[in-house]
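The values are calculated or read from the model by the stated rules, or taken from the named source; none is laboratory data. It should be emphasised that the depicted structure is a prediction, and the values quoted were computed from it without experimental measurement. Don't worry about glycine lacking a Cβ; one is built from the backbone with ideal geometry, like all the others, and counts go over all protein chains shown.
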Amino acid sequence: MSERIFWCEAVKVGEVELDAEESRHARQSLRLNAGDSVTLLDGKGGVGRGVLADDRSVEPRRSRANLRVRVESLVAVTQPEPRLTLLVAACKGERLDWMIEKCTELGVPAIWLTEFERSVAQPGAGRVDRLSRLARQACKQCRRAWLPDIRSGAALDANLAALAREPSTLLVTAHPETGIPRFGEVLQDHRSRVHAVAVVIGPEGGLSLAEIERLRASGRGLVRLSANILRVETAAVAAASIWAECASPPRETAVLPGA
């Protein structure tokens, strides 16, 4: 039987309550009953396992009361290292949805939708909320314990300044230029010396010469993701895939009740 996974931001050992959306999914879509085993994710590395509580909220199925879960065990899951941040231009429509979904499945910790000189789209707060919901569904689908940090609205220089405050971050820029190092080779060369890596992926129109010069001054230069020129969303997924192959796997630690 497949694992039934639900979202619960306040997961802990003991009894917790699912929200209305998750309760409705458990009742109407999965048709679960009291005593059925479930797994809870909080998006912050917590994974709880337990059963639906035996109370009247489970029946009748049309009830609007939120379901409760008796969490019997809880583990804390680490993020993969080095931590990856994508500073990527937003693309339009379903292409952006697809990028967020696939990068979430690959485990990318942070996706910062960055404004470049040639950007063609910049999602507002409402769109970012929708993207976060898509990421949450992707976490449930792929059993990922961490919700990615999705941001939007900041220009390139502001995001570079934010990265500069994080120690041991390797900053590289994806570029189709021939004769430059492959991203995987650069990761392997620096993996023992850095705890975080950031990849800049510019818009469809490419980075301006001024942006390239600022990025060269801020980081360790350009890297190649493919022999071909990639669209924004493909480049993001390619960078995520290369990173996922090099990153250390997450680790689990049991969390004791009351900790």
In the set LEU67, LEU74, the lone residue that is surrounded by 20 or more Cβ atoms within 10 Å (Cβ to Cβ) and at pLDDT 95 or above is LEU74
Screening ALA121, ALA138 for residues that are closer than 25 Å to ARG27 by Cβ, among the aliphatic types (A, V, I, L, M) and not in a strand (DSSP E or B) leaves only ALA138
So for segment 161-184 (the condition being in contact (Cβ under 8 Å) with a residue 24 or more places away in the chain, in contact with a Pro (Cβ under 8 Å, 6 or more places away or on another chain) and of a type in the set (Lys, Arg)), does at least one residue qualify?
no
Flagged in segment 239-259 as touching a strand residue (DSSP E or B) at 6+ places or on another chain (Cβ under 8 Å) and either of a type in the set (Ser, Thr, Tyr) or closer than 24 Å to ALA121 by Cα (or both), in numbering order, are ALA239, ALA240, SER248, THR253
When segment 1-47 is checked residue by residue, the ones that are crowded, with 18+ Cβ neighbours inside 10 Å and hydroxyl-bearing (Ser, Thr, Tyr) are SER23, THR39
Checked against (1) over 17 Å from the mean Cα position of the chain (by Cα); (2) in the same structural domain as ALA90 (by TED's automatic domain parsing); (3) at pLDDT below 95; (4) not charged (D, E, K, R), ALA254 satisfies every condition except (2)
Being more than 17 Å from LEU147 (Cα to Cα) and touching a helix residue (DSSP H, G or I) at 6+ places or on another chain (Cβ under 7 Å) narrows LEU32, LEU41 down to just LEU32
